[in-house]
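The values are calculated or read from the model by the stated rules, or taken from the named source; none is laboratory data. What you see is a predicted model; the values in this text were computed from it and never measured. All Cβ positions, even for glycine, are placed from backbone atoms using ideal geometry, and neighbour counts span all protein chains on display. To get the accessible areas, we keep the full protein, side chains included, count just its heavy atoms, and leave off ligands, DNA and RNA. Shrake-Rupley method; radii C 1.70, N 1.55, O 1.52, S 1.80 Å.
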Amino acid sequence: MGGIVVLIFLGFAFVLLFGAIKIVPQGREFTVERFGRYTRTLKPGISFLTPFFETIGRKVNMMEQVLEVPQQEVITKDNVSVKVDAIVFIQVMDAAAAAYRVDNLIYAITQLAQTNLRTVVGSLELDEVLSQRDQINTRLLSTIDHATGPWGVKVARIEIKDLTPPPDITNAMARQMKAEREKRAVITEAEGEKQSAITRAEGSKQSAILQAEGRREAAFRDAEAREREAEAEAKATAFVSEAISKGDVNAINYFIAQKYVEAFGELARSPQQKTVIVPADFAGLTGTVAGVSELIKSLGAEAPRSSPPSRPAAGASSGASTATPTGGKRGA
């Protein structure tokens, strides 16, 4: 009998101990109810309750959770039906509010996200929906976070997971994109041809300028050469004229020999001339050349006469006076 009482007492003590001691895991919070009324929240760790008076009400997940928003068809502002779904990241900040202010927290947030997604997407045109996902996500986040604030829930972010237009719209968009890319390719090719034409024109312009400058420089050089040649010819003519005025016929022989040699050289250099016939007397040519040599000697003899006489100059003068009659005879 005494053993049964001890066992009953031990069992009763175990029940009291088990009901009084509660261990809350990390990332969870438990609400405590006394006779069905919320009194406090248990944080992670070990906690003690009053047996028979306090019980655990709700076990709330305090970690960030991911909720999937089911896919739904939404009509855009320009009357295009698109299929849209999303995901929502939430975190409970107040366990008591999440437990007692809304019956089914997950279901409530999912329905709230669906309705707001339909509202936001329906207020935009299809092109805006496809190109402004960030703006849509921002609007949804602001609206849903404001609505779930009294529930003790923080909406971290919301993202559109998939957005599918109808097949005919997709095909039209593909054709439009192809046409736009072909247009860009044509424009780019035209720009390339334009730049190439401009570059070639600039090159031709610079080439023409350089060629004109080269021709101008060549013409200037040619004119200068002709001028110097004319000056030399004028000096030679003046010198020969002076020699002729003094009675020296060797100057005339010099000019005749020069023209004779030039004409004979042109005749020999002719590309169509295979045989050269010389209708002239080489003896006369020899006499002409001798006259030229006498003229050169006479010019060399006149130069020392203007300077003071010296012994080498006198010998040269004597030689020149001796050679002049000889040259005259040969010329005759």
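For region 143-156, does any single residue satisfy the condition of being touching a strand residue (DSSP E or B) at 6+ places or on another chain (Cβ under 9 Å), among the aromatic types (Phe, Trp, Tyr) and part of a helix (DSSP H, G or I)? Among the residues of region 143-156, at least one is touching a strand residue (DSSP E or B) at 6+ places or on another chain (Cβ under 9 Å), among the aromatic types (Phe, Trp, Tyr) and part of a helix (DSSP H, G or I), which makes the answer yes. In this structure, Glu33 does not satisfy being of a type in the set (Asp, Glu), open to solvent by 60 Å² or more (accessible area, probe 1.4 Å), at negative phi and assigned to a strand (DSSP E or B). Determine whether region 55-64 contains at least one residue that is touching a Ser or Thr at 6+ places or on another chain (Cβ under 9 Å), open to solvent by 20 Å² or more (accessible area, probe 1.4 Å), farther than 18 Å from Arg133 by Cβ and among the β-branched types (Val, Ile, Thr). Yes, there is a match, as at least one residue in region 55-64 is touching a Ser or Thr at 6+ places or on another chain (Cβ under 9 Å), open to solvent by 20 Å² or more (accessible area, probe 1.4 Å), farther than 18 Å from Arg133 by Cβ and among the β-branched types (Val, Ile, Thr).
Within region 1-30, being in contact (Cβ under 8 Å) with a residue 24 or more places away in the chain and open to solvent by less than 60 Å² (accessible area, probe 1.4 Å) holds for Leu16, Gly19, Ala20, Ile21, Lys22, Gly27, Glu29, Phe30. The residue of region 36-49 that is farthest from Gly152 (Cα to Cα), among those that are open to solvent by less than 50 Å² (accessible area, probe 1.4 Å) and hydrophobic (A, V, I, L, M, F, W, C), is Leu49. Candidates in region 152-197 are the residues that are closer than 30 Å to Ile106 by Cα and among the small types (Gly, Ala, Ser); of these, the one that is least open to solvent (accessible area, probe 1.4 Å) is Gly152.
Listed here are the residues, each with its yes/no results for (1) modelled with pLDDT of 90 or more; (2) out of contact with any Cys (no Cβ under 6 Å at 6 or more places or on another chain); (3) closer than 17 Å to Lys83 by Cβ.
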| residue | (1), (2), (3) |
| --- | --- |
| Leu112 | yes, yes, no |
| Leu117 | yes, yes, yes |
| Thr138 | yes, yes, no |
| Glu182 | no, yes, no |
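Considering the conditions (1) at pLDDT 90 or above; (2) of a type in the set (Phe, Trp, Tyr); (3) exposed (fewer than 15 other Cβ atoms within 10 Å of the Cβ), Phe52 is excluded by exactly one of them, (1). Per the listing Thr138, Thr188, the residue uniquely within 19 Å of Lys77 (Cβ to Cβ), out of contact with any helix residue (DSSP H, G or I) (no Cβ under 9 Å at 6 or more places or on another chain) and assigned to a helix (DSSP H, G or I) is Thr138.
Please enumerate the residues belonging to region 93-135 that are of a type in the set (D, E, K, R) and in contact with a helix residue (DSSP H, G or I) (Cβ under 6 Å, 6 or more places away or on another chain). The answer is Arg101, and nothing else.
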